[in-house]
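Worksheet for the structure shown next.
The numbers here are math on the coordinates, done by the rules we state, and not lab data. Note that this is a predicted model, so its numbers are computed, not measured. Virtual Cβ from ideal backbone geometry, glycine too; neighbours counted across all protein chains shown.
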Amino acid sequence: MFRMLGVDHYENMHSAILAELLNPKGSHGLKSEFLKIFVGRLVNKETISGFHCENASVRTEAGTDDGRIDIFVEDDQRHAIIIENKIYAADQWGQLKRYNTFALKKYGAGNYQILYLTLDGKEASENSKQDVKYVRISYSSDIIAWLEECVNLSARFPLVRETINQYINHLKLLTNQDMDTKNNQEIVELLSAPENLDAAFKISNCLPMVKNQIVNNIFLPQLTQICEELELTNISEVYDRVNTSYSGFKIKNPRWNYFKIGAEFESRGLRNLIIGFNHIDGKKRNDKTFNELKKLMEQKNSDWVWNVFPIYGNWENDAMKAILKGDMQKLFRNELERLLKLTKDFEM
């Protein structure tokens, strides 16, 4: 059910699900029991002593002076738990540092904890964490283990129990712990046999060429068709995108004098796709409009303003199939229409 609803790629959907379970006033009806298990498992008692779960409040996208916290849990004794939820999106510059500055000022040292939640428990980027103390947690082990305890606790609440079970199964799918993992192991053993090893490496070496073939020969014409329908110009070139850093697509609007639309992979291998605006010519700037765009987009630097692409951030198997089925074309069209609507009153 969660996969059918498209939950996998959207961090805010996962945040909403977790926040609802953590909330003592949540629709699950078990009051603060789920939160107590979470605090007992994942909150360092030396960091926060005596967190009052019964009177806690839980919010998503909680606003601060310098950003929004994905999941924010606060009790009535001036204690706070800050959860930064990262599924596929890249860290923003100084993100954990900013949250730490906010919490230190509001709650004081020893009264809050920052949790950095990812699929596999990876570290935050250097530009985000800087010198901040935080705790890494993962969906693959920490969240699933917590949810399994929640299932046991909700035995007398069948609707809640089965919903959590479905969510656990969904997380196992996202973190490669489902039946496909067993199948993958069988394939690994098969390809590791001496008589199959040459074929395995030949196929592996061809995969980047397959991806380039699909992107350049199928998606680029699709993108050109979208641009023509929207009275835009696709100025993207054919090249080896898979092995090129910061590869992507460039689109011009004939009615714009200063800006172009760009979709760019932040990492080599068609990973971490973003979409936004930058100047056509760095010497011909419109800083007034650029500053307005900064207010509307999620992330920015001195040259770009952008949002993380809403789905298919990493162009692997699913993204390639989406191109072949035409789903990626529809998604790009929706994004371009959104950006055009967003800027219709600006001097672009």
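Net charge dipole, region 11-178: roughly 280 debye, given to the nearest 20, about the Cα centre with Cβ charges of +1 for Lys and Arg and -1 for Asp and Glu. Computing P(r) over Cα pairs in 20 Å bins from 0, in percent for the structure here picks out one of (1) 29, 51, 20, 1; (2) 25, 51, 23, 0; (3) 28, 58, 14, 0, namely (2). Annotation: amide H of Met348 within the under-5 Å range of Asn257, sequence separation 5 or more or interchain, hydrogens built in the peptide plane. Sequentially through region 140-148, phi angles give Karplus couplings (6.51, -1.76, 1.60; θ = phi - 60°) of 4, 10, 5, 5, 4, 5, 4, 5, 5 Hz, Gly and Pro residues having no value and appearing as x.
Can you show me the helix-derived [θ] at 222 nm for the chain, built from DSSP H runs with n ≥ 4 at -39,500 (n - 2.57) apiece and divided by the number of residues, rounded to the nearest 500. My calculation for the chain gives -13000 deg cm²/dmol from helical runs alone. Comparing Ala319, Ala80, Val43 along the charge dipole axis of the chain, the residue lying farthest to the positive side is Ala80, per the Cβ-charge model. Got a sec? Charge dipole of the chain, +1 on Cβ for Lys and Arg, -1 for Asp and Glu; which of Gln329, Leu153, Ile261 is way out at the positive end? Checking the options against the dipole of the chain, the answer is Ile261.
Each of Leu342, Asn205, Thr118 was placed along the dipole of the chain (beta-carbon charges, centred on the mean Cα), and the one lying farthest toward the positive end is Leu342. Highest mobility in the GNM of the chain, judged by mean-square fluctuation with C-alpha springs under 10 Å and restricted to Phe34, Phe51, Phe102, is found for Phe102. The 3J(HN,Hα) values that the Karplus relation (6.51, -1.76, 1.60; θ = phi - 60°) gives for region 117-129 are, in residue order, 9, 9, 4, 10, x, 6, 6, 5, 5, 4, 6, 8, 7 Hz. Gly and Pro appear as x.
Give the distance, in whole Å, between the Cα centre of region 7-66 and the Cα centre of region 109-137. Here the two parts' Cα centres lie 16 Å apart. This model, with +1 at the C-beta of Lys and Arg and -1 at the C-beta of Asp and Glu, gives the chain a dipole about its Cα centre of some 800 debye.
Would you please give the FRET efficiency between Ile280 and Leu342, computed as 1/(1 + (r/R0)^6) with r the Cβ-Cβ distance and R0 = 22 Å, to the nearest 0.05?
It comes out at approximately 0.80.
Between amide H atoms placed 1.01 Å from N, distances below 5 Å from Tyr112 occur with Ala80, all of them 5 or more places distant or on a separate chain. 3J(HN,Hα) couplings calculated from phi for region 199-215 with the Karplus curve 6.51 cos²θ - 1.76 cosθ + 1.60 (θ = phi - 60°) are, in sequence order, 5, 4, 6, 4, 5, 4, 5, 7, 4, x, 5, 5, 5, 4, 4, 5, 5 Hz; Gly and Pro show x.
Rounded to the nearest 20, the Cβ-based charge dipole of region 208-342 about its Cα centre (Lys and Arg +1, Asp and Glu -1) stands at 300 debye. Between helix 287-296 and the chain, what is the angle of the helix's C-alpha long axis to the longest principal axis, kept within 0 to 90° and rounded to the nearest 10? Once rounded, the angle reads 40 degrees.
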